[in-house]
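See structure below.
Bear in mind that the values in this text are calculations on the coordinates, not laboratory data. Quantities reported herein were computed from a predicted structural model and do not represent experimental measurements. Methodologically, a virtual Cβ is constructed for each residue, glycine included, from the backbone with ideal geometry; neighbour enumeration extends over all protein chains shown.
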Amino acid sequence: MFPTQVTLVEVGPRDGLQNEAQPVGAADKIELVHRLQAAGCRAIEVTSYVSPKWVPQMADNAEVMAGIARRPGVRYSVLVPNMQGLEAALAQPAIRPDEVVVFGAASEAFSRRNINCSIAESVERFRPVVAAAHAAGLKVRAAISCALGCPYQGEVSADEVERVVTLMKGIGVDHCGIADTIGVGTPRRTQAAMERALRHFPLVEVSGHFHDTYGQALANIYACLEMGLHTFDASIAGLGGCPYARGATGNVASEDVVFMLRGMDIDSGIDLDALVDAGSWISGRLGRAPVSRAGKALLARRAAAAAEARA
């Protein structure tokens, strides 16, 4: 049965912008968050507390968190790669996030290639991070990357996904996100992976994160909706990608997801027109057109209507 409401976690400010080669100023990042929350986004992944040596785009994390005019009812999250990152996120109580995100890969090859350790070792490193976050009163979301395919290993099985789900459960995370990092997943394989996550986490604490490399992201979200899942990551204007996965396109565009949900009479709480405006704005700041198909179509419709009105 399809859900009647869906929560979209807007990851554009973090997962979207962190892969931009050109510097994006803190003021623009703050403005993007403001536009997203004004459009009705109630869960926003704002930044990451990572070493600026590895992700220079996120070096202004504290400045961005301090600059946000927070709205009641909006959940602000940040990604932390280790205890040092968590400590930095908690260093200033006035700007601390509402939740943190930790991560691990479902592919052994991906884990060893990118962080030079096994999956089990990578997850175990987060045990003290999860404990400290909980002690500070924060929720912890886990993201399992490469859950439907790996740029080095190829196909990733549902058994491999479940193994990481159980490891994350073992260190005490509250939520499990299944991520198709390189966008190779298809609906049945997506459902198979989600079924494994649902063996260990309740429906309300399982989410999907899909990239649109092969044009399957909306189909995969639909397959999840059929299972009753109702939490998904999405990125404004389709921003993002994966620096470790050559050719991987951005996350599914938030505008496209909201357009589909609206057509299914599923409430997201997000104003599509305002979301399209936000996508157009950040795309303009980056000097390119929005990737979102719905966004481009609605902008074209507006332009045509305005031209007709002037005629």
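Among the trypsin sites (Lys or Arg not before Pro) within the range 245-311, which fall in a DSSP loop and have no more than 11 other Cβ atoms within 10 Å of their own Cβ?
Here the sparse-neighbourhood loop sites are 246, 288.
Around residue 105, which amide H atoms from residues at least 5 apart in sequence, or from another chain, sit under 5 Å from its own amide H, with H modelled in the peptide plane?
Under 5 Å from the amide H of residue 105: 145.
Can you tell which of 214, 49, 222 shows the greatest fluctuation in a Gaussian network model of the chain with Cα springs below 10 Å?
214
Hey, fewest Cβ within 10 Å first, where do 211, 200 land in order?
Values: 211 29, 200 15.
Result, fewest neighbours first: 200, 211.
Once amide H atoms are built 1.01 Å from N in the peptide plane, which residues 5 or more positions from residue 74, or in another chain, come under 5 Å H to H?
Residues meeting the criterion, in which the H sits 1.01 Å from N, do not exist here.
Determine the relative contact order of the chain: mean sequence separation of Cα pairs under 8 Å and six or more apart, normalised by residue count, in whole percent. Please list the in-between numbers first.
On the way: 648 pairs, mean separation 59.8, N = 311.
About 19 percent, as a whole number.
Report the equivalent ellipsoid semi-axes for the range 117-240 in whole Å, largest first, defined as the square roots of five times the eigenvalues of the gyration tensor built from alpha carbon atoms. Walk me through the numbers before you get to the answer.
On the way: eigenvalues 108, 52, 40 Å².
In descending order, the three semi-axes are 23, 16, 14 Å.
Taking 7 Å along the Cα-to-C-beta vector as the label spot, tell me the residue 2-residue 27 distance in nanometres, rounded to one decimal.
The answer from the label model is 4.3 nm.
Here are several values of semi-axes √(5λ) of the Cα gyration tensor in Å: (1) 26, 25, 21; (2) 29, 23, 18; (3) 42, 21, 16. Which one was derived from the coordinates shown?
Calculated semi-axes √(5λ) of the Cα gyration tensor in Å: the matching label is (2).
Could you bin all the Cα-Cα distances of the range 196-311 into 5 Å bins starting at 0 and give me the percent of pairs in each, rounded to whole numbers?
Histogram of Cα-Cα distances, whole percents per bin: 2, 11, 18, 20, 19, 14, 8, 4, 2, 1, 0, 0, 0.
Tally Lys and Arg at +1 and Asp and Glu at -1 over the other residues with C-beta under 15 Å from the C-beta of residue 297: what net charge comes out?
+1
Counting DSSP beta bridges in the chain, what percent are antiparallel, to the nearest 5?
Around 5 percent of the beta bridges assigned by DSSP in the chain are antiparallel ones.
Which net charge results for the neighbourhood of residue 166, defined as the other residues with beta-carbon distances under 10 angstrom from its beta-carbon, given Lys and Arg at +1 and Asp and Glu at -1? Mind dumping the intermediate values first?
On the way: positive: 163, 169, 196, 199; negative: 162.
Net charge around residue 166: +3.
Report, in deg cm²/dmol and to the nearest 500, the calculated mean residue ellipticity at 222 nm for the chain, where each DSSP H run with n ≥ 4 adds -39500 (n - 2.57) and the sum is divided by the residue count.
When only DSSP H runs of four or more count, the value is -12500 deg cm²/dmol.
On a full-extension model of 0.36 nm per residue, what is the gain between residue 83 and residue 124, subtracting their alpha-carbon distance, rounded to one decimal in nm? Mind showing how you got there, number by number?
Values: separation 41, 0.36 × 41 = 14.76 nm, distance 1.19 nm.
Length gained, residue 83 through residue 124: 13.6 nm.
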